[in-house]
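This report concerns only the one structure given below.
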Amino acid sequence: MARAWPIPQLRLDDPVRLALARIVRTRTRELYSHMPGAFSAADAEAVHDLRISSRRLQTVLTVFDVWMPGKTARRISKRLKPAIRALGAIRERHMIAQVAQRLAGGESALQTVAVGLFIARYRQGAAMCGIEVAPVVRETFSDELQELLRELSQRLERSCDRARRSREVTFADAVPRALEPVLERVAACTVAVTDIGRCGEALHRLRVAAKPLRYTMELLEPLCDRAFRTQYQRIRSAVQVLGDLHDLDVAITAMRAHVAEMRLYNRTASGTHRIPAAPLDRLVTDARRRRDALGKEFAAALEWLRRENFVRDIFDSLD
């Protein structure tokens, strides 16, 4: 995943709308820098980077919605959603193939018929999905969206110029207010995770809730002290493990379905045409073992997230 671009001249004591104007401008440039490679669905990293930069921009628009002028920010956020979903569909297919390849030992995996067919299936699926969703992605990231984002950053700057006379709230003062509902959603989602080994959907909801927190803290990290950076690293690590757990859950489901299809095919195929499913079946076992290990790793992070003073820890680190 590409690192977030630093925001030039961003300071905590800036008026909040001036800070947001600078963030929107930089996130727009970051977003469009990933466009050329993302239209080649074979470039898994470019597709993923465009999706992540879209989420970073969407996070700013939604988390700081209170200070966004008019309805432009909501319009932009609404326009981003179908493209993010479309890019997610491509990324998921790439991810399934990558998980299988890593578990099987890199490119040598292609030498095993069952595993090679599975990986080829999802690589081809990513390419076909890229062709299908390209119109949605192109329409979303059109010149019109770029103009809307430019207009939004200009309106933020103009409103800031007017508001300076009335001592507008600073970016530092706005952050706790903006993060409060995000932190509450994260805390609420931890309650539903009763068993890390069996609560895949609850873990996914927690990951979705934690992403805006991670991207907002990522934005603030260069501006804050060591205490905040420590809290950010804990959130970042927790979201990363949640992502790895989700990827394994999706890949395991896909591999098990493929094994079932192969066994059904083998019932009617002649001996020389049968494809041994055992190598792919072993990958499922390896994936489940890896998932169990990640679940134990996440247990400590979950305990921290469930602490009553988790939210206070984040706010205290902002002071």
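The values are calculated or read from the model by the stated rules, or taken from the named source; none is laboratory data. The structure presented is a predicted model; accordingly, all values stated were derived computationally and were not measured. Positions of Cβ are backbone-derived with ideal geometry, glycine not excepted, and every protein chain shown enters the neighbour counts.
Return the only residue of A134, A163, A188 being modelled with pLDDT under 90, surrounded by 12 or more Cβ atoms within 10 Å (Cβ to Cβ) and touching a Lys or Arg at 6+ places or on another chain (Cβ under 8 Å).
A163
Taking only region 264-299 into account, find how many residues are out of contact with any His (no Cβ under 9 Å at 6 or more places or on another chain) and not in a helix (DSSP H, G or I).
So the answer is 5.
When you check L50 against the structure, is it hydrophobic (A, V, I, L, M, F, W, C), within 29 Å of G125 (Cβ to Cβ) and either assigned to a helix (DSSP H, G or I) or free of Cβ contacts under 8 Å to residues at least 40 places away in the same chain (or both), yes or no?
Taking the combined requirement at face value, the residue satisfies it.
Tell me the residue from R267, R198, R229, R263 that is touching a helix residue (DSSP H, G or I) at 6+ places or on another chain (Cβ under 6 Å) and not assigned by TED's automatic domain parsing to the domain that holds T112, please.
Checking each option against the conditions leaves just R229.
Of the numbered conditions (1) modelled with pLDDT of 95 or more; (2) over 20 Å from the mean Cα position of the chain (by Cα), I96 fails exactly one; give the number of that condition.
(2)
In region 99-127, how many are farther than 20 Å from R274 by Cβ, at pLDDT 90 or above and surrounded by fewer than 13 Cβ atoms within 10 Å (Cβ to Cβ)?
1
Filtering region 16-31 down to residues that are buried (at least 23 other Cβ atoms within 10 Å of the Cβ) and over 25 Å from the mean Cα position of the chain (by Cα), which residue is nearest to R150 (Cα to Cα)?
R17
Identify all residues within region 63-85 that are surrounded by 16 or more Cβ atoms within 10 Å (Cβ to Cβ), touching a Lys or Arg at 6+ places or on another chain (Cβ under 9 Å) and assigned to a helix (DSSP H, G or I); write none if there are none.
Once the filter is applied, which keeps residues that are surrounded by 16 or more Cβ atoms within 10 Å (Cβ to Cβ), touching a Lys or Arg at 6+ places or on another chain (Cβ under 9 Å) and assigned to a helix (DSSP H, G or I), region 63-85 yields W67, T72, L80, A83, I84.
Restricting to region 234-280, and then to whatever is among the β-branched types (V, I, T) and surrounded by 13 or more Cβ atoms within 10 Å (Cβ to Cβ), can you tell me which residue is farthest from G105 (Cα to Cα)?
Step by step, filter region 234-280, then rank; the result is I235.
Do we have R234 as in contact with a Leu (Cβ under 6 Å, 6 or more places away or on another chain), among the charged types (D, E, K, R) and within 30 Å of D316 (Cα to Cα) here?
When the stated conditions are applied, R234 does not pass them.
Checking the conditions here, which among L219, L152, L206 is in the same structural domain as T72 (by TED's automatic domain parsing), touching a Ser or Thr at 6+ places or on another chain (Cβ under 9 Å) and surrounded by 18 or more Cβ atoms within 10 Å (Cβ to Cβ)?
L152
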